[in-house]
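We did not get these values from a lab; they are worked out from the coordinates using the rules stated. As the structure is a computational prediction, the values presented were derived from the model and not from experiment. Heads up, the Cβs are rebuilt from the backbone with ideal geometry, glycines too, and the neighbour counts pull from every protein chain shown.
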Amino acid sequence: MSKKILIMAGGTGGHIFPALSIAKELSKRGAIVEWLGGRNSMESDLVPRYKIKFNGVFSSGIRGKKLITIIRALFLLSFGFIQTVIVFIKYRPNAVIGMGGYVTGIGGLIAKIFFVPLFIHEQNTIPGSTNKLLSKISTLNFQAFENSFSEEVNAITTGNPILFEPNSKKAVSEVKNLLVLGGSLGAKKINEVIPHIKTPINIWHQTGKSHFDEVKALYSKSDHRQVKLDPFISNMSEAYAWADLVVCRAGAMTVSELIATKTIAILIPFPYAIDNHQTVNAQYLTKKEAGIIIDEQNLTPEALDEQMSQLDSERLKEMSFNLGSLKVLHPERLIADYLLN
């Protein structure tokens, strides 16, 4: 009889995309997969496209909110609790995996009440509040990066599952191709600075939909030889294979993709990320000499040109080797093994 696995994830792409990779692997092995997520959310639109049954419930954040917002959130969470209980009664999962987000908190508690094995996966170097709490009552915990959880949690380091198959890549001897990623929504400061760098280089720039025209206008005033602009890049495997160097934010999934594809990056952490986790994500690479970090306040065309001028053949080879040492092969398979066995 096929095992039934309930995936709980929502709120951001950082929770959703690795969960989709796990769902894809589970389905491939014959498991029956359903999803628990927030109503009218990113996941409610995205998950059904992958032919996964989606169960939408009310959820809301509490952290850092005003009193009236907290009262409203508690009401929604109470209603969401009842909805989630109904999902568990109807679906009767054999195991549950939570990827973070508020819906995971509710589902995790109900899993324990119903004596359903609860697994947690943390994508960031700093665990979110929900995963921190659930890690104390879960059956088993996974972490994308070493030492994310404290030692007493005894988490298994799996890396972050990614949706695309990374191409095999060798160390480059010089930087000819620069890939610029600001996330699907773009990164304003990165978009403003890159067109003004002086280093002669081919550029493939993901601008974000709302910034495309503005960035295009900036490049029209520059003398870069080859520039390709896209609001959004759908084929990330191709983009990373093309790139000798990436300039990007330091979200957990971006860092994981850099490791999986052995792509060297100059990381510009988003300065307003909760718990400053993007800086810590970037430091996971820089401490191992596998990446370069520039704080956004120090980001200038001159600073980027200076960093690129220091990337000689020897350093590129060393950084590529260090990235390879961090790689975990097929995280989604490893996680699926535990869920199904």
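For the range 244-251, the criterion of being within 24 Å of MET42 (Cβ to Cβ) and part of a helix (DSSP H, G or I) is met by none of the residues. Within the range 94-107, the residues that satisfy the criterion of being buried (at least 24 other Cβ atoms within 10 Å of the Cβ) and under 21 Å from PRO161 (Cβ atoms) are VAL96, ILE97, GLY98, MET99, GLY100, GLY101, VAL103, THR104, GLY107.
Inside the range 286-306, can you point out the residues that are under 24 Å from the mean Cα position of the chain (by Cα) and assigned to a loop (DSSP other than H, G, I, E, B)?
Of the residues in the range 286-306, the ones under 24 Å from the mean Cα position of the chain (by Cα) are 286-297, 299.
If the condition is that a residue be under 24 Å from the mean Cα position of the chain (by Cα) and assigned to a loop (DSSP other than H, G, I, E, B), then LYS287, LYS288, GLU289, ALA290, GLY291, ILE294, ASP295, LEU299 are the ones that fit.
Is it the case that some residue within the range 320-332 is closer than 23 Å to PRO127 by Cα, assigned to a helix (DSSP H, G or I) and among the acidic types (Asp, Glu)? Within the range 320-332, one or more residues are closer than 23 Å to PRO127 by Cα, assigned to a helix (DSSP H, G or I) and among the acidic types (Asp, Glu).
Can you pull out every residue in the range 1-42 that is touching a residue at least 40 places away in the same chain (Cβ under 8 Å) and among the polar types (S, T, N, Q)?
THR12, SER21
A single entry from ILE233, ILE203, ILE266, ILE259 fulfils the requirement of being in a loop (DSSP other than H, G, I, E, B) and in contact with a helix residue (DSSP H, G or I) (Cβ under 8 Å, 6 or more places away or on another chain): ILE233. Cβ separations smaller than 7 Å between residues 6+ apart or across chains give the following pairs from the range 315-337 residues that are touching a residue at least 24 places away in the same chain (Cβ under 8 Å) to residues that are in a helix (DSSP H, G or I) and among the hydroxyl-bearing types (Ser, Thr, Tyr): GLU332/SER21.
Scan the range 86-103 for residues that are of a type in the set (Gly, Ala, Ser) and under 18 Å from GLY11 (Cβ atoms) and jot them down. Walk me through it before giving the result.
Here is the first cut: in the range 86-103, the ones of a type in the set (Gly, Ala, Ser) are 95, 98, 100-101.
Across the range 86-103, the qualifying residues are GLY98, GLY100, GLY101.
Is it the case, given these coordinates, that SER234 is out of contact with any Asp or Glu (no Cβ under 6 Å at 6 or more places or on another chain), without any contact (Cβ under 8 Å) to a residue 40 or more places away in the chain and not aromatic (Phe, Trp, Tyr)? I'd like the intermediate steps shown before the answer.
Numbers: out of contact with any Asp or Glu (no Cβ under 6 Å at 6 or more places or on another chain): yes; without any contact (Cβ under 8 Å) to a residue 40 or more places away in the chain: yes; not aromatic (Phe, Trp, Tyr): yes.
Against the criterion (out of contact with any Asp or Glu (no Cβ under 6 Å at 6 or more places or on another chain), without any contact (Cβ under 8 Å) to a residue 40 or more places away in the chain and not aromatic (Phe, Trp, Tyr)), SER234 qualifies.
Of all residues in the range 291-308, one or more are surrounded by fewer than 14 Cβ atoms within 10 Å (Cβ to Cβ) and under 29 Å from GLN143 (Cα atoms). With respect to the conditions (1) of a type outside the set (Phe, Trp, Tyr); (2) buried (at least 24 other Cβ atoms within 10 Å of the Cβ); (3) more than 12 Å from ALA9 (Cβ to Cβ), GLN83 lacks only one, and its number is (2).
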